[in-house]
Structures are given as structure tokens and as C-alpha cells.
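*Asks:* Encoded as C-alpha cells, here's the structure I'll be asking about.
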Amino acid sequence: MADRAFDIRKQTGFTGIAIACFVMLYMPIILLVVYSFNAGTSIAIWEGFSWRWYTSAWANEQVQEATFRSLVIAVWASGISTTVAVLAALATTRTRKFKGQTTVFAMINQPLMVPEIVTAVALLIFFAMIKVATGYTGLFYLIIAHSAFCIPFAYLPIRARLQGMDLTLEQAAADLYATPFQAFRRITLPQLWPGILAGAMLAFVISLDDVVITEFVKSAGQDTLPTYMLGQLRRVVTPEINAISTALLGISVTMVIAFTLLSKFRN
């Protein structure tokens, strides 16, 4: 009898374990979304369907300020981290192998390997010294902190895109006496755009959702939407928090879907 290929899906209990994992992962999210439409003030007792808490969140000035601040930080962090990620990806994929290349790769991806709380504490200490020396306490610190943390998230899809690109056109451009910058602008960049957009969107979502680094680095009056929600949870929990969370979830899911589609785009 010929040996049959191993298939994990046919193993005893696989289906039950898979279903249990999906239920534990998604049921809390589903309940969050459902109770964001609860007409009452309870987050555990259904009292009818209503848009009440979405209207309340939309009219809340603190939510508006925190949302605007979150978007400003996320846009700047996404732009800065993506720019740095493109340069880093070019430096690690369009050059010959060199000593320490693995170390460089590890350093670029350091935020992914080091616990976020460690990065947050290190940034807190570093920025505190600068604040004392300069007296400046603006959003610049949050933008830089988010940018540094988001670099590897933007770098990975951009690097993957570069590695999957055919070098024939770039080599042909070099044979036709194009400068490295001309070859990049006319050949590499148009093919790289899907990876750049995917990296930028992923960095945007990571920055928009960040709590730990923001909580440590921010100054007074600089709450982002996630830290505002955290502060509200410490006081009183209402379905307004569910509504805000659902809105954030919608943004994140939309961006991740777009990121996935762009990552698969090859033309």
C-alpha cells in the first residue's frame, strides 16, 4: 500500500480544536460589535438596538481631539517609517552580501523581537532627558517613537516585494547608461509601489492602535484614541467604548484587507 501524504486536517480532533480556537478568538470581538449597538448603558445586558453610542462618541469633543491627534501621529509615523524602510530595503537587497548583513537585518527588526514595554521604557528615559534639556513637550516625541516602532512593519513587505522583483529591467537600464537614481525612479519605483503602499498602510494601522509606547512617551493632554479609551475604562465602562472600538476595528480590518491585496499584486 502506498504511503499517503500527511495531512494535519485529517488528524483526530483537528476540526474541534480549530473551531474552538476561532470561537475564542472571534466571539469576544463579535460581542463587542453587537453591544456597541445596545440601547442601554450596560455592556452585558441587551436592551434593544440603537445608534445612541455612535452618536454620543461622534459628538464627544474629547473623542474628536484624540481621534484627530491619533490620525496626525499615524500619518506622520507612516510616512517617516515607510521612507526609512524603503532606503533600508534597497540597502539590504540591492547590494552584494557584506559582513554584518545579518546584524543589520536584526537591528532593523529589533522592535519586533524586543518586548514593547522595554522599548517604551527606553524611549521614556531618552525623551525625558531631551525634555528636561530643551523644555519642549510637543507631539514630536510621539511621532518619532511611533516611526521607530513602525519601521520593521513597513520594511518587511517592501523588502519582500524587492526580493520578488525581476532584475532584468534594472540591469537593462544600467546597460543603457542610466544612473542608479534614474533606474530607481523609472524602473524600480513603479514596480515597488504596491509594496510601499502595503508597508505604509500596515505602519499606519500599527501606529493608530498603539497603546504601550504612547502611554509612556506622551505628555499631559496628548491622549490618542487608544489611550483615551484606556483612561475611560479605568473610570466607567459604557457602550460608547464599544462603539469607538468597533470604529477602530473597522479601520484596521479595511487597512489589513487592502494590505493583503496589495501584497499579492504583481503587475
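Where a number appears in this text, it was derived from the coordinates with a stated rule and is not lab data. The shown structure was predicted, so the numbers you read here are calculated from the model rather than taken from an experiment. All Cβ positions, even for glycine, are placed from backbone atoms using ideal geometry, and neighbour counts span all protein chains on display.
*Asks:* If one takes the longest principal axis of the Cα atoms in the chain, at what angle in degrees, from 0 to 90 and to the nearest 10, does the Cα axis of helix 116-134 lie?
*Replies:* 90 degrees
*Asks:* What order, most packed first, do the peptides 63-72, 205-214, 181-190 have when packing is the mean number of other Cβ atoms within 10 Å of each residue? Could the numbers behind the result be given before it?
*Replies:* Values: 63-72: 17.7, 205-214: 21.7, 181-190: 14.4.
Result, highest mean first: 205-214, 63-72, 181-190.
*Asks:* Largest first, please: the extent of the C-alpha atoms of segment 80-220 along each principal axis, to the nearest Å.
*Replies:* The Cα atoms of segment 80-220 stretch 56, 29, 27 Å along their principal axes.
*Asks:* OK, next. Can you give the helix-only mean residue ellipticity at 222 nm for the chain, where every DSSP H stretch with n ≥ 4 adds -39500 (n - 2.57) and the sum goes over all residues, rounded to the nearest 500 deg cm²/dmol?
*Replies:* Values: 13 runs with 195 residues, N = 267.
Counting only the DSSP helices, I get -24000 deg cm²/dmol.
*Asks:* Amide H neighbours of Asn109 under 5 Å, at least 5 residues apart or on other chains, H built in the peptide plane: list them.
*Replies:* Amide H neighbours of Asn109: none.
*Asks:* While we're looking at this one, here's another question. Taking just the C-alpha trace of the chain, give me its Rg and Dmax in Å.
*Replies:* Expressed in Å, the Cα Rg and Dmax of the chain come to 23.0, 78.
*Asks:* List the pair-distance distribution P(r) of segment 102-159, using every Cα-Cα distance, as the percent of pairs falling in each 5 Å bin from 0 up to the bin containing the longest distance, rounded to whole percents.
*Replies:* With 5 Å bins starting at 0, P(r) equals 4, 17, 24, 22, 16, 11, 6, 2.
*Asks:* Rg over Rh of segment 50-125, using C-alpha atoms and the Kirkwood radius, what does it come to?
*Replies:* Rounded to two decimals, Rg over Rh is 1.21.
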